[in-house]
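The next block holds one structure in the form of structure tokens; read it before the comments.
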Amino acid sequence: MKKKILFVCLGNICRSPAAEGIMKHIVKEEGREDDFFIDSAGIGPWHVGELPDSRMRRHGAAHGYNFNSRARQICRQDFKDFDLIVVMDHDNYRAVSSLAPSEKDMEKVVRMADFLRHHPESTTVPDPYYGGDKGFELVIELLEDACRELYLQQVGDDHITNI
């Protein structure tokens, strides 16, 4: 069975599409594309249908990623469609948790920062939207760290080749 992971941030134009792109990249490098379905969504409808922020796409491309998904808003159906719903910060956690149809669905909601191995001081993946280049670079660095750990936890250490 495919592992289905949804990444969520505020508007689905910076952090969550970057997490989606990085995770897809890791899965492809590992030859596990058939084992995963990866998507992203935002809390609000502000950017539905848009590509990720041009700054995030530029910084992602500099790291070898293609962030090209179209923004969408999270919905209750996502709790049925996904095994894990990974949020970027505490506000996202509260918003997504409030949508959970049941306690069992609530267990699917996890924080991206919980997967950080090399950044123990970080409790969230901060929103880079109103910051400069350093903010986008930090987000990519945090997401690379967390996505690698998330991948490891999903497949187990015996299935790792490139990480």
Please give the FRET efficiency for Glu141 paired with Asp83, using the beta carbon to beta carbon distance and R0 = 22 Å, rounded to the nearest 0.05. 0.25
The Cα extents of segment 82-135 along the principal axes, largest first and rounded to whole Å, are 39, 25, 17
Step through the residues of segment 104-109 one at a time and calculate ³J(HN,Hα) from phi using the Karplus curve (6.51 cos²θ - 1.76 cosθ + 1.60, θ = phi - 60°), rounding each to whole Hz and writing x for Gly and Pro. 4, 5, 4, 5, 6, 8
How big is the dipole moment of segment 1-136 about its Cα centre under a simple scheme where the beta carbon of each Lys and Arg is +1, that of each Asp and Glu is -1, and everything else is neutral? Debye, nearest 20, please. 200
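Go ahead and run the numbers for FRET between Asp133 and Glu50, Cβ-Cβ distance against an R0 of 22 Å, rounding to 0.05. Don't jump to the answer; show the numbers that get you there.
Values: r = 21 Å, r/R0 = 0.94.
So, using R0 = 22 Å, E works out to roughly 0.60.
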Table column - 3J(HN,Hα) (Hz), segment 137-150, Karplus curve with 6.51, -1.76, 1.60, x for Gly and Pro: 5, 4, 4, 4, 4, 5, 5, 4, 4, 5, 5, 4, 5, 4
What is the pair-distance distribution P(r) of segment 1-103, computed from all Cα-Cα distances in 10 Å bins starting at 0, with each bin given as a whole percent? 17, 47, 31, 5, 0
What whole-number distance in Å separates the alpha-carbon centres of segment 4-23 and segment 74-150? 8
Taking the dipole about the Cα centre of segment 102-156, with the C-beta of Lys and Arg at +1 and of Asp and Glu at -1, give me whichever of Val110, Val155, Thr123 is farthest to the positive side. Val155
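Provide the percentage of antiparallel DSSP beta bridges, counting only those with both residues in the chain; round to the nearest 5.
On the way: 0 of 15 bridges.
Here the share of antiparallel DSSP bridges comes out near 0 percent.
For Ala100 and Arg117, compute 0.36 nm times the residue count separating them, minus their Cα-Cα distance, and round to one decimal in nm. Please list the in-between numbers first.
Values: separation 17, 0.36 × 17 = 6.12 nm, distance 2.77 nm.
Net length gain for the segment: 3.3 nm.
Just the number please: accessible area per residue for the chain, 1.4 Å probe, all protein chains included, in Å². The partial results should precede the final answer.
Values: 8190 Å² over 163 residues.
In whole numbers, the chain has 50 Å² accessible per residue.
Ignoring ligands, DNA and RNA, please state the percent of accessible area on the chain from carbon and sulfur, probe 1.4 Å. Intermediate values should be presented prior to the final figure.
On the way: 3960 of 8190 Å².
Carbon and sulfur atoms account for 48 percent of the accessible area of the chain.
The values are calculated or read from the model by the stated rules, or taken from the named source; none is laboratory data. Owing to the predicted nature of the structure, the values given are computational and were not obtained by experimental measurement. Methodologically, a virtual Cβ is constructed for each residue, glycine included, from the backbone with ideal geometry; neighbour enumeration extends over all protein chains shown. Just the protein is used for accessible areas: all its heavy atoms, side chains included, with ligands, DNA and RNA removed. Shrake-Rupley method; radii C 1.70, N 1.55, O 1.52, S 1.80 Å.
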